Amino acid sequence: MHCEYRRRVRGDRRIGIARELTKLFEQVHVCRLEEAVVWLEQSENHRRGEFVLLVEGCPEPPVRRANPTHSVCLKSCYVSCR
């Protein structure tokens, strides 16, 4: 299951695991997604109760720059077609 989640989340992002909020055994753990699986497996108590997951926003994709050679080629084609 965690492999499927990691594929959907994409990347090495931070995750906050809040467990049993507003209760006596409230617990909040923040780590990288890879480390979350290890933390959950460390103790049966880490897997009990109600959870809220907060996942860090996805980094912006790199900006694709136009190839200057293509621009020159397109301009010359445009000029020659007029």
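The values are calculated or read from the model by the stated rules, or taken from the named source; none is laboratory data. The model shown is predicted, which means the values in this text are computed figures rather than measured ones. Here Cβ is always computed from backbone atoms with ideal geometry, including for glycine, and neighbour counts include all displayed protein chains.
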Looking at Arg6, is it at pLDDT below 85 and surrounded by 12 or more Cβ atoms within 10 Å (Cβ to Cβ)? yes
Is it true that Ser43 is exposed (fewer than 10 other Cβ atoms within 10 Å of the Cβ), more than 13 Å from the chain's Cα centre (by Cα) and at pLDDT 90 or above? yes
Scan the stretch 56-72 and give yes if some residue there is at pLDDT 85 or above, surrounded by 11 or more Cβ atoms within 10 Å (Cβ to Cβ) and either out of contact with any strand residue (DSSP E or B) (no Cβ under 9 Å at 6 or more places or on another chain) or not in a loop (DSSP other than H, G, I, E, B) (or both), otherwise no. no
